[in-house]
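Structure record follows, encoded as structure tokens.
The values are calculated or read from the model by the stated rules, or taken from the named source; none is laboratory data. These numbers were taken from a predicted model, which means no experiment stands behind them. Here the Cβ positions follow ideal geometry from the backbone for every residue, glycine too, while neighbour counts run over all protein chains shown.
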Amino acid sequence: MNIADLKYKLILNLKNIPGPTTGKKIVVFECDDYGGIRMPSNDAFQQMKNSGVSVDESRYNLYDTLEDESDLSALFETLNSVKDRKGNAAVFSPFVNVANPDFEKIKAGGYKEYFYEPFTTTLNKYGRSPGTMKVWKQGMNDGIFVPEFHGREHVSVQPWLKQLQQHNRQLRVALQHGFAAVVNMEGIHEYAQGFRPEFYFTEESQKFFYAVLYWKALTY
């Protein structure tokens, strides 16, 4: 581990010290990256694997995909089955990424420009049932599903796009299947493997993309 990595891990831990404290015994349920794409389907996984894309080298690729109506219904049933002494059900807090790459537009544009789509659009592309968002909103209305903002898309957009422009075979094959998080890529920094860190960049010129992203968020 180099000095930069050590410093980063130290900051991650130190930043939590000033946070609030409590003497109560609390069980917290949270889950990162709701809405963010990972593996579209078992069929996509197998086709990419057969094409030589290293999709089987990450456990997330084996188990992580977008939820369906039945997944949320099962989760809410479990949450409602557990009550505290006041009769309140357990609460689940998904940390949500609200957008994903629009793979079709990126390819159609010759990989020269980045396009994104709302995660609700991605749900439809993944073949999730129309009732998925209805159940999502019902959980919110019932107070057992309390989403929090986690980020826009969970993709290192600029380094990922640059590799696509440089004809990276694995990434282009993965893009055909609506997938971006290819791991163990040669020449990619350890921290950026899978192209998941949203604000990771490799060149000063790439900072402009994030400056525009922040400005749009502030003026939305």
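Taking the conditions exactly as written (closer than 21 Å to I26 by Cβ, at pLDDT 90 or above, within 17 Å of the chain's Cα centre (by Cα) and buried (at least 17 other Cβ atoms within 10 Å of the Cβ)), does P101 satisfy them or not? No; evaluated as a whole, the condition is false for this residue.
Applying a threshold of 8 Å to beta carbon distances and a minimum spacing of six or more residues, or different chains, the list of pairs starting in the range 114-129 at a residue that is within 17 Å of N42 (Cβ to Cβ) and ending at one that is surrounded by fewer than 18 Cβ atoms within 10 Å (Cβ to Cβ) and hydroxyl-bearing (S, T, Y) reads Y126/S41; G127/S41. Residues that are of a type in the set (S, T, Y), assigned to a loop (DSSP other than H, G, I, E, B) and touching a Phe, Trp or Tyr at 6+ places or on another chain (Cβ under 9 Å) are absent from the range 85-101 altogether. Would you confirm whether any residue within the range 20-33 is part of a loop (DSSP other than H, G, I, E, B) and either among the charged types (D, E, K, R) or modelled with pLDDT of 95 or more (or both)? Among the residues of the range 20-33, at least one is part of a loop (DSSP other than H, G, I, E, B) and either among the charged types (D, E, K, R) or modelled with pLDDT of 95 or more (or both), which makes the answer yes.
Kindly check whether there is at least one residue in the range 21-34 that is surrounded by 12 or more Cβ atoms within 10 Å (Cβ to Cβ), in contact with a helix residue (DSSP H, G or I) (Cβ under 7 Å, 6 or more places away or on another chain) and in contact (Cβ under 8 Å) with a residue 12 or more places away in the chain. Within the range 21-34, not a single residue is surrounded by 12 or more Cβ atoms within 10 Å (Cβ to Cβ), in contact with a helix residue (DSSP H, G or I) (Cβ under 7 Å, 6 or more places away or on another chain) and in contact (Cβ under 8 Å) with a residue 12 or more places away in the chain. Could you check, for the range 66-81, whether at least one of its residues is of a type outside the set (K, R), assigned to a strand (DSSP E or B) and over 27 Å from Q176 (Cα atoms)? No, the range 66-81 has no match at all. May I ask you to verify whether V55 is aliphatic (A, V, I, L, M) and at pLDDT below 90? Answer is yes for this residue.
Scanning the range 133-153 for residues that are among the aromatic types (F, W, Y), surrounded by fewer than 16 Cβ atoms within 10 Å (Cβ to Cβ) and in contact (Cβ under 8 Å) with a residue 60 or more places away in the chain yields a count of 0. Filtered by the rule that a residue be over 25 Å from the mean Cα position of the chain (by Cα) and either among the aliphatic types (A, V, I, L, M) or closer than 23 Å to A89 by Cβ (or both), the range 14-53 gives I17, T22, K24, K25, I26. Kindly evaluate D64 against the criterion of being on the phi > 0 side of the Ramachandran plot and surrounded by 12 or more Cβ atoms within 10 Å (Cβ to Cβ). Here the answer is no, as D64 does not meet what is asked.
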